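What follows is a single structure, written as structure tokens, with notes after it.
The values are calculated or read from the model by the stated rules, or taken from the named source; none is laboratory data. Here the structure is a predicted model, which means the values were calculated and not measured. We place every Cβ from the backbone using ideal geometry, glycine too, and count neighbours over all the protein chains shown. Only protein heavy atoms, including side chains, enter the accessible area calculation; ligands, DNA and RNA are left aside. Shrake-Rupley method; radii C 1.70, N 1.55, O 1.52, S 1.80 Å.
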Amino acid sequence: MTERYNTLSAYLRRRFGCKVYKVTVDGGFTCPTRDGTKSRGGCAYCNPAGLVPKAHKGRRTVTEQIDSGVEWVRKRHGAERFIAYFQLNTNTYSDTGRLRDLYEEAVRHPEVAGLCISTRPDCVPDDVLDLLEEIGSRKALWLEMGLQSANDATLERIGRGHTSADFRDAVERARGRGIDVCAHVIFGLPGEKEDDMLGTVRFVSELGVWGIKFHQLTVLCGTPLEDTYLKGGLKPLGLEEYVRLVVESLELLPPRVVVHRLSGDAPARYVVAPRWGVNKFIIKERIEGLLEARDTRQGVRWRG
Ligand code: SF4
């Protein structure tokens, strides 16, 4: 690690020997917190409409979505290879026959170097993990799994519909099959103090996750959280506070954990608060600036 933290872009370059970017794929999934299985309306902070790339409107095939994503990302970022990113909603929430069809279509695409599949800890039964293990033996593959907080009271408050024990169980079963897991965590959730947020980072570190994504809690329009915020029931984190929390989290992480993101990145037109969150480049600059100013780096406080 030559940088002060272990970035995904450096990891992908080491692994594939070239510039690798993700292209989003919409597999047409829903979530158990949307279809009535656990609840309706989704997690309190979620507005998936903000994640749908314009090019994907109209439900095209996996191949067509990858084709248009590759063309755009290659032009914009000069990427040479691509990760098919099943990003929208819960991308393991179906029977294994349908999942196999979708994943295999991505695997067959000649530009695809690997798959990234975003999901929840309560939607990865053993038969789905067996399928992922088998595909992962032929193609690079990792799971992105939402935890958000290791505090069960917080998970209940934001309507996640699972517990931290579900996350532990899912990670252990995935790791037992050699499947890498990247954990999503959110800082600034309602009712959380600094100890809760750093406790979440310690929890995922001790579980042996392969990667982590940090997000600031963002109030998006059209979500239950927007109501809470407008009624004065939520005070978003300030930029300085968020930057300091991420730096301290990086110190707590094992050095080998791959850092996929330093902040969330919602389209500006959906963001109610905090507005500092709309510029991820400034957030990254501030985090890297504080790492530099403190002369610190990922892993210095890891005691694994
Ligand atoms: S946060 Fe994830 S699990 Fe919750 S509603 Fe949104 S996409 Fe579904």
Somewhere in the range 206-213, is a residue open to solvent by 20 Å² or more (accessible area, probe 1.4 Å), under 29 Å from Thr33 (Cα atoms) and not in a helix (DSSP H, G or I)?
yes
Phe203 versus (1) of a type in the set (Phe, Trp, Tyr); (2) open to solvent by 30 Å² or more (accessible area, probe 1.4 Å); (3) touching a strand residue (DSSP E or B) at 6+ places or on another chain (Cβ under 6 Å): which is the lone unmet condition?
(3)
Does Asp227 satisfy being free of Cβ contacts under 8 Å to residues at least 24 places away in the same chain, closer than 16 Å to Leu189 by Cα and open to solvent by 20 Å² or more (accessible area, probe 1.4 Å)?
yes
Mind checking which residues of the range 160-178 are open to solvent by less than 10 Å² (accessible area, probe 1.4 Å) and more than 27 Å from Arg40 (Cα to Cα)?
Ala174
Just for helices (runs of 4 or more DSSP H) wholly inside the range 60-151: which have at least 3 residues that are open to solvent by 40 Å² or more (accessible area, probe 1.4 Å) and within 27 Å of Glu206 (Cβ to Cβ)?
126-136
Could you tell me which residue of the range 251-270 is most open to solvent (accessible area, probe 1.4 Å), considering only residues that are outside any loop (DSSP other than H, G, I, E, B) and of a type in the set (Lys, Arg)?
Arg269
Which numbered condition Glu3 misses (of (1) part of a loop (DSSP other than H, G, I, E, B); (2) at pLDDT 95 or above; (3) away from the ligand (no atom under 16 Å from the Cβ))
(2)
Cβ contacts < 8 Å: first residue under 15 Å from Gly211 (Cβ atoms), restricted to the range 239-256; second residue at pLDDT below 95 and surrounded by fewer than 19 Cβ atoms within 10 Å (Cβ to Cβ), any location; separation 6+ or different chain. Result?
Pro254/Gly304; Pro255/Met1
Output for the range 86-108, where each listed residue is within 16 Å of the ligand (Cβ to nearest atom) and small (Gly, Ala, Ser)
Ser94
Exactly one condition in (1) in a helix (DSSP H, G or I); (2) more than 14 Å from Tyr45 (Cβ to Cβ); (3) touching a helix residue (DSSP H, G or I) at 6+ places or on another chain (Cβ under 9 Å) is false for Gly199; which is it?
(3)
Of the residues that make up the range 264-274, is at least one under 19 Å from Leu8 (Cα atoms) and over 19 Å from the mean Cα position of the chain (by Cα)?
no
Only residues in the range 76-96 that are at negative phi and among the charged types (D, E, K, R) count as the first member; pair them with residues that are more than 16 Å from the ligand (Cβ to nearest atom) and open to solvent by less than 20 Å² (accessible area, probe 1.4 Å), Cβ under 6 angstrom, at least 6 apart or cross-chain, and list the lot.
Glu80/Cys18; Arg81/Cys18; Arg81/Val20; Arg81/Ala113
